[in-house]
Amino acid sequence: MQAKISADEQDSGGPAAAPPRTFTEAARRAQIVDAAIEVIADEGYAKATYARIARRAGLSSTGMISYHFAGKADLMREVVAEVMRVADGYMRPRIEAQPTAAGRLRAHIESNLELLGAHPKHLPALLQVLAQARGDEPWQQEFAAEMGGLVDRVAEALAGAQEAGEFGDFDPWVMAMAIRGAVDAVVGRVAGGAAIDVAACGRELADLFDRATRKA
């Protein structure tokens, strides 16, 4: 995974680029983003007001948020980017360590749900923001496109494994959507308060999709 809509990337390059942030500014932005992730995961997107985020971050006023972010859309871009960075750093090494397509698929599913155990707020927050990605605001369209791109990349990997003779006959896009839907369903249940052994659930889902993709 790689986030493509981070505020940092938008600020880089070109004559109109903002000056580099100081260490203190970067740390404050990270503090605000972490607080926003926690508030969204715990209380929902609609209740993720600047006031609640400021309290969670231990800030004296909401003005610090307004200083570092142009608006809620700007903050949400960075929330998404941070979740994607954490997910990429956690999942990619586990996936790339596998020598076979079946192993990489298993690692993709298991590490995705193990991520939920390691960072319990990140994926629930992402699902909350995803629910807002059906509007006409630019950030909503950007996020919807990014999430669609993730499914497409999984489908491309599945198709490549089919061409290499490692997987059986199925529609790669349908399979990628099924994988994404299964993982998101677990995240949604955990976000709703269900007590689930996410590692065990990941193993069972990996077994299920291993059977669904293997050659007859």
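The values are calculated or read from the model by the stated rules, or taken from the named source; none is laboratory data. Owing to the predicted nature of the structure, the values given are computational and were not obtained by experimental measurement. Neighbour counts are summed over all protein chains in view; Cβ atoms, including those assigned to glycine, are modelled from backbone coordinates with ideal geometry. In case anyone asks, the SASA skips ligands and DNA or RNA and just uses the protein heavy atoms, side chains included. Shrake-Rupley method; radii C 1.70, N 1.55, O 1.52, S 1.80 Å.
Is it the case that residue 149 is open to solvent by less than 50 Å² (accessible area, probe 1.4 Å), at pLDDT below 95 and either more than 28 Å from residue 30 (Cα to Cα) or in contact with a Cys (Cβ under 6 Å, 6 or more places away or on another chain) (or both)? Give the steps one after another, and end with the answer.
Numbers: open to solvent by less than 50 Å² (accessible area, probe 1.4 Å): yes; at pLDDT below 95: yes; either more than 28 Å from residue 30 (Cα to Cα) or in contact with a Cys (Cβ under 6 Å, 6 or more places away or on another chain) (or both): no.
Spelling it out, it is not the case that residue 149 is open to solvent by less than 50 Å² (accessible area, probe 1.4 Å), at pLDDT below 95 and either more than 28 Å from residue 30 (Cα to Cα) or in contact with a Cys (Cβ under 6 Å, 6 or more places away or on another chain) (or both).
Answer with yes or no whether residue 91 is within 13 Å of the chain's Cα centre (by Cα) and either surrounded by fewer than 22 Cβ atoms within 10 Å (Cβ to Cβ) or free of Cβ contacts under 8 Å to residues at least 24 places away in the same chain (or both).
Yes: the conditions hold for residue 91.
For the stretch 109-122: of the residues being farther than 13 Å from residue 201 by Cα and either outside any helix (DSSP H, G or I) or at pLDDT 90 or above (or both), which is least open to solvent (accessible area, probe 1.4 Å)? Don't jump to the end; show me each part of the working.
In the first step, residues of the stretch 109-122 are kept if they are farther than 13 Å from residue 201 by Cα; the result is 118-122.
Now narrow it down to the ones that are either outside any helix (DSSP H, G or I) or at pLDDT 90 or above (or both): 119-122.
Details: 119: 62, 120: 74, 121: 73, 122: 29 Å².
Residue satisfying both the conditions and the ranking: 122.
Out of (1) β-branched (Val, Ile, Thr); (2) closer than 23 Å to residue 119 by Cα; (3) open to solvent by 30 Å² or more (accessible area, probe 1.4 Å), what's the single condition that is false for residue 174?
Of (1) β-branched (Val, Ile, Thr); (2) closer than 23 Å to residue 119 by Cα; (3) open to solvent by 30 Å² or more (accessible area, probe 1.4 Å), only one is false for residue 174: (2).
Got a number for residues in the stretch 50-72 being touching a residue at least 24 places away in the same chain (Cβ under 8 Å) and open to solvent by less than 30 Å² (accessible area, probe 1.4 Å)?
5
Answer yes or no: is there a residue in the stretch 173-181 that is under 22 Å from residue 83 (Cβ atoms), within 19 Å of the chain's Cα centre (by Cα) and touching a residue at least 40 places away in the same chain (Cβ under 8 Å).
Checked the stretch 173-181: at least one residue is under 22 Å from residue 83 (Cβ atoms), within 19 Å of the chain's Cα centre (by Cα) and touching a residue at least 40 places away in the same chain (Cβ under 8 Å).
Which ones in the stretch 178-216 are in a helix (DSSP H, G or I), of a type in the set (A, V, I, L, M), open to solvent by 50 Å² or more (accessible area, probe 1.4 Å) and modelled with pLDDT under 95?
185, 191
Do the conditions hold for residue 166, that is, is it touching a residue at least 40 places away in the same chain (Cβ under 8 Å), surrounded by 17 or more Cβ atoms within 10 Å (Cβ to Cβ) and farther than 28 Å from residue 190 by Cα?
Values: touching a residue at least 40 places away in the same chain (Cβ under 8 Å): yes; surrounded by 17 or more Cβ atoms within 10 Å (Cβ to Cβ): yes; farther than 28 Å from residue 190 by Cα: yes.
Judged against the criteria, residue 166 is a match.
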